Amino acid sequence: MSMERFERPGTPEWLILAGASLFMAILLLTGVMEADIRWLHFFQAWMYVATIILALRRSRWGYFIGIAAAGAWDYANLFATTFFFNGLHWLGQWMRTGELQRVDQIIAVPAWVGNLLVVIGCLWAYLRMRPKRASDLARFAVALALSTGFFALDMALFQPRYLVLFPRMLHPHLP
(Lines give C-alpha, C1' and ligand atoms only; values in the text may rest on other atoms or scores of the structure.)
Protein backbone atom coordinates (compact mmCIF):
# COMPACT_ATOMS: atom_id res chain seq x y z
CA MET A 1 0.00 0.00 0.00
CA SER A 2 1.60 3.22 -1.09
CA MET A 3 1.41 6.31 1.04
CA GLU A 4 0.29 8.53 -1.84
CA ARG A 5 -3.14 6.86 -1.66
CA PHE A 6 -3.69 8.45 1.72
CA GLU A 7 -4.98 12.00 1.88
CA ARG A 8 -4.24 14.50 4.60
CA PRO A 9 -6.55 13.69 7.52
CA GLY A 10 -9.35 16.11 8.24
CA THR A 11 -11.30 16.43 11.47
CA PRO A 12 -13.49 13.37 10.77
CA GLU A 13 -10.42 11.20 10.19
CA TRP A 14 -8.84 12.47 13.38
CA LEU A 15 -12.02 11.55 15.28
CA ILE A 16 -11.92 8.07 13.74
CA LEU A 17 -8.23 7.68 14.54
CA ALA A 18 -8.60 8.97 18.11
CA GLY A 19 -11.72 6.94 18.87
CA ALA A 20 -10.43 3.71 17.34
CA SER A 21 -7.04 4.13 19.04
CA LEU A 22 -8.71 4.72 22.40
CA PHE A 23 -10.91 1.68 21.98
CA MET A 24 -8.02 -0.53 20.83
CA ALA A 25 -5.95 0.64 23.82
CA ILE A 26 -8.80 -0.45 26.08
CA LEU A 27 -9.02 -3.77 24.26
CA LEU A 28 -5.30 -4.20 24.94
CA LEU A 29 -5.66 -3.17 28.59
CA THR A 30 -8.53 -5.57 29.20
CA GLY A 31 -6.61 -8.32 27.42
CA VAL A 32 -3.78 -7.76 29.90
CA MET A 33 -6.22 -7.72 32.82
CA GLU A 34 -8.21 -10.77 31.70
CA ALA A 35 -6.22 -13.42 29.83
CA ASP A 36 -9.32 -15.33 28.71
CA ILE A 37 -10.46 -12.48 26.42
CA ARG A 38 -7.12 -11.70 24.78
CA TRP A 39 -7.82 -13.47 21.49
CA LEU A 40 -11.35 -12.11 21.31
CA HIS A 41 -10.04 -8.58 21.68
CA PHE A 42 -7.07 -9.16 19.37
CA PHE A 43 -9.37 -10.08 16.49
CA GLN A 44 -11.96 -7.46 17.40
CA ALA A 45 -9.27 -4.79 17.09
CA TRP A 46 -8.73 -5.68 13.44
CA MET A 47 -12.13 -4.20 12.51
CA TYR A 48 -10.86 -0.88 13.88
CA VAL A 49 -7.52 -1.20 12.10
CA ALA A 50 -9.44 -1.77 8.85
CA THR A 51 -11.64 1.23 9.61
CA ILE A 52 -8.63 3.48 10.18
CA ILE A 53 -6.78 2.37 7.05
CA LEU A 54 -9.82 2.59 4.80
CA ALA A 55 -10.97 5.90 6.31
CA LEU A 56 -7.55 7.44 5.70
CA ARG A 57 -7.99 6.37 2.08
CA ARG A 58 -11.44 8.05 2.05
CA SER A 59 -13.14 4.72 1.38
CA ARG A 60 -16.87 4.37 1.94
CA TRP A 61 -16.16 0.82 3.13
CA GLY A 62 -14.05 2.17 5.98
CA TYR A 63 -16.81 4.50 7.07
CA PHE A 64 -19.42 1.76 6.83
CA ILE A 65 -17.30 -0.74 8.78
CA GLY A 66 -16.61 1.90 11.44
CA ILE A 67 -20.26 2.83 11.82
CA ALA A 68 -21.29 -0.83 11.90
CA ALA A 69 -18.64 -2.11 14.33
CA ALA A 70 -18.45 0.86 16.69
CA GLY A 71 -22.18 1.54 16.47
CA ALA A 72 -23.03 -2.06 17.30
CA TRP A 73 -20.66 -2.02 20.28
CA ASP A 74 -22.16 1.19 21.67
CA TYR A 75 -25.72 0.01 20.99
CA ALA A 76 -25.06 -3.30 22.75
CA ASN A 77 -23.67 -1.48 25.76
CA LEU A 78 -26.72 0.76 25.99
CA PHE A 79 -29.45 -1.81 25.39
CA ALA A 80 -28.11 -5.37 25.76
CA THR A 81 -25.67 -5.17 28.69
CA THR A 82 -25.18 -3.17 31.85
CA PHE A 83 -21.45 -2.77 31.23
CA PHE A 84 -21.56 0.93 30.29
CA PHE A 85 -24.03 1.89 33.03
CA ASN A 86 -22.05 -0.06 35.63
CA GLY A 87 -18.97 1.81 34.44
CA LEU A 88 -20.75 5.12 34.92
CA HIS A 89 -21.80 4.05 38.41
CA TRP A 90 -18.26 3.11 39.46
CA LEU A 91 -16.82 6.22 37.83
CA GLY A 92 -19.27 8.31 39.85
CA GLN A 93 -18.34 6.43 43.02
CA TRP A 94 -14.67 7.12 42.37
CA MET A 95 -15.38 10.82 41.81
CA ARG A 96 -17.48 11.04 44.99
CA THR A 97 -15.27 9.02 47.33
CA GLY A 98 -11.82 9.23 45.75
CA GLU A 99 -11.66 5.45 46.11
CA LEU A 100 -10.95 3.66 42.84
CA GLN A 101 -12.86 0.40 42.55
CA ARG A 102 -13.98 -1.81 39.68
CA VAL A 103 -11.59 -0.51 37.01
CA ASP A 104 -12.83 -3.45 34.92
CA GLN A 105 -16.21 -1.71 34.80
CA ILE A 106 -15.02 1.90 34.61
CA ILE A 107 -13.12 1.24 31.37
CA ALA A 108 -16.46 0.73 29.64
CA VAL A 109 -16.98 4.49 29.75
CA PRO A 110 -13.94 5.55 27.71
CA ALA A 111 -14.51 2.49 25.48
CA TRP A 112 -18.03 3.70 24.76
CA VAL A 113 -16.79 7.25 24.11
CA GLY A 114 -14.08 5.93 21.77
CA ASN A 115 -16.68 4.05 19.75
CA LEU A 116 -18.92 7.09 19.67
CA LEU A 117 -16.03 9.12 18.22
CA VAL A 118 -15.57 6.48 15.52
CA VAL A 119 -19.28 6.61 14.62
CA ILE A 120 -19.33 10.43 14.55
CA GLY A 121 -16.14 10.60 12.49
CA CYS A 122 -17.34 7.97 10.01
CA LEU A 123 -20.78 9.58 9.62
CA TRP A 124 -19.23 13.02 9.17
CA ALA A 125 -16.69 11.75 6.64
CA TYR A 126 -19.35 9.89 4.68
CA LEU A 127 -21.73 12.85 4.66
CA ARG A 128 -19.07 15.11 3.13
CA MET A 129 -18.43 12.62 0.29
CA ARG A 130 -19.65 13.50 -3.17
CA PRO A 131 -21.44 11.96 -4.92
CA LYS A 132 -23.67 9.79 -2.77
CA ARG A 133 -24.70 6.60 -4.48
CA ALA A 134 -27.93 4.65 -4.26
CA SER A 135 -25.80 1.54 -3.77
CA ASP A 136 -24.33 2.98 -0.55
CA LEU A 137 -27.26 1.67 1.50
CA ALA A 138 -26.62 -1.84 0.18
CA ARG A 139 -22.90 -1.45 0.89
CA PHE A 140 -23.66 -0.36 4.43
CA ALA A 141 -25.93 -3.39 4.88
CA VAL A 142 -23.11 -5.64 3.65
CA ALA A 143 -20.61 -3.95 6.01
CA LEU A 144 -23.05 -4.34 8.90
CA ALA A 145 -23.65 -8.02 8.11
CA LEU A 146 -19.96 -8.80 7.65
CA SER A 147 -18.84 -6.84 10.72
CA THR A 148 -21.50 -8.47 12.85
CA GLY A 149 -20.70 -11.88 11.42
CA PHE A 150 -16.98 -11.39 12.03
CA PHE A 151 -17.64 -10.34 15.61
CA ALA A 152 -20.01 -13.29 16.16
CA LEU A 153 -17.42 -15.70 14.76
CA ASP A 154 -14.76 -14.12 16.97
CA MET A 155 -17.01 -14.64 19.99
CA ALA A 156 -17.96 -18.18 18.96
CA LEU A 157 -14.30 -19.15 18.66
CA PHE A 158 -12.89 -17.40 21.72
CA GLN A 159 -15.71 -16.48 24.14
CA PRO A 160 -18.97 -18.28 23.30
CA ARG A 161 -20.47 -17.12 26.60
CA TYR A 162 -20.87 -13.65 25.04
CA LEU A 163 -23.02 -14.85 22.14
CA VAL A 164 -26.10 -14.16 24.28
CA LEU A 165 -25.58 -10.49 23.39
CA PHE A 166 -26.89 -10.99 19.87
CA PRO A 167 -30.47 -12.00 20.79
CA ARG A 168 -30.47 -9.25 23.42
CA MET A 169 -29.48 -6.72 20.77
CA LEU A 170 -32.47 -7.75 18.66
CA HIS A 171 -34.85 -7.77 21.62
CA PRO A 172 -33.28 -5.50 24.24
CA HIS A 173 -36.17 -5.71 26.67
CA LEU A 174 -36.25 -9.50 26.92
CA PRO A 175 -34.38 -11.13 29.84
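The values are calculated or read from the model by the stated rules, or taken from the named source; none is laboratory data. Here the structure is a predicted model, which is why all the values come from computation and not from measurement. Note that each Cβ is placed from the backbone with ideal geometry, even for glycine, and that neighbours are counted across all protein chains shown.
Scanning region 10-25 for residues that are over 11 Å from the mean Cα position of the chain (by Cα), modelled with pLDDT of 95 or more and more than 11 Å from CYS122 (Cα to Cα) turns up ALA18, ALA25. Of all the numbered requirements in (1) more than 25 Å from TYR126 (Cβ to Cβ); (2) touching a residue at least 40 places away in the same chain (Cβ under 8 Å); (3) hydrophobic (A, V, I, L, M, F, W, C); (4) surrounded by fewer than 19 Cβ atoms within 10 Å (Cβ to Cβ), VAL32 misses one, and that requirement is (2). Has region 73-80 got any residue that is buried (at least 21 other Cβ atoms within 10 Å of the Cβ) and under 30 Å from ARG130 (Cβ atoms)? Yes; the residues of region 73-80 include at least one that is buried (at least 21 other Cβ atoms within 10 Å of the Cβ) and under 30 Å from ARG130 (Cβ atoms).
Conditions (1) more than 13 Å from GLU13 (Cα to Cα); (2) out of contact with any helix residue (DSSP H, G or I) (no Cβ under 6 Å at 6 or more places or on another chain); (3) outside any loop (DSSP other than H, G, I, E, B), marked per residue:
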site: TRP112; (1), (2), (3): yes, no, yes
site: ASN115; (1), (2), (3): yes, no, yes
site: LYS132; (1), (2), (3): yes, yes, no
site: ALA138; (1), (2), (3): yes, yes, yes
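Confirm whether ILE67 is over 22 Å from ASP154 (Cβ atoms) and within 15 Å of the chain's Cα centre (by Cα). Full working, then the answer.
Details: over 22 Å from ASP154 (Cβ atoms): no; within 15 Å of the chain's Cα centre (by Cα): yes.
Here the answer is no, as ILE67 does not meet what is asked.
For PHE64, which of the numbered conditions (1) buried (at least 19 other Cβ atoms within 10 Å of the Cβ); (2) modelled with pLDDT under 95; (3) among the aromatic types (Phe, Trp, Tyr) fails to hold? Condition not satisfied by PHE64: (2).
Return yes or no: is PHE85 more than 14 Å from the chain's Cα centre (by Cα) and part of a helix (DSSP H, G or I)? Against the criterion (more than 14 Å from the chain's Cα centre (by Cα) and part of a helix (DSSP H, G or I)), PHE85 qualifies. Scanning region 107-132 for residues that are without any contact (Cβ under 8 Å) to a residue 40 or more places away in the chain and more than 14 Å from the chain's Cα centre (by Cα) turns up LEU127, ARG130, PRO131, LYS132. Anything in region 28-50 that is assigned to a helix (DSSP H, G or I) and either touching a Cys at 6+ places or on another chain (Cβ under 7 Å) or more than 19 Å from LEU117 (Cβ to Cβ) (or both)? List them, or say none. Hits for region 28-50 are GLY31, VAL32, MET33, ALA35, ASP36, ILE37, ARG38, TRP39, LEU40, PHE42, PHE43. Only one entry in GLU99, GLU7, GLU13 is touching an Asp or Glu at 6+ places or on another chain (Cβ under 9 Å) and not in a helix (DSSP H, G or I), namely GLU7. Do we have ARG58 as within 21 Å of PHE151 (Cα to Cα) and of a type in the set (Lys, Arg) here? No.
Taken over region 90-106, the residue count meeting the criterion of being within 22 Å of the chain's Cα centre (by Cα) and among the acidic types (Asp, Glu) is 1.
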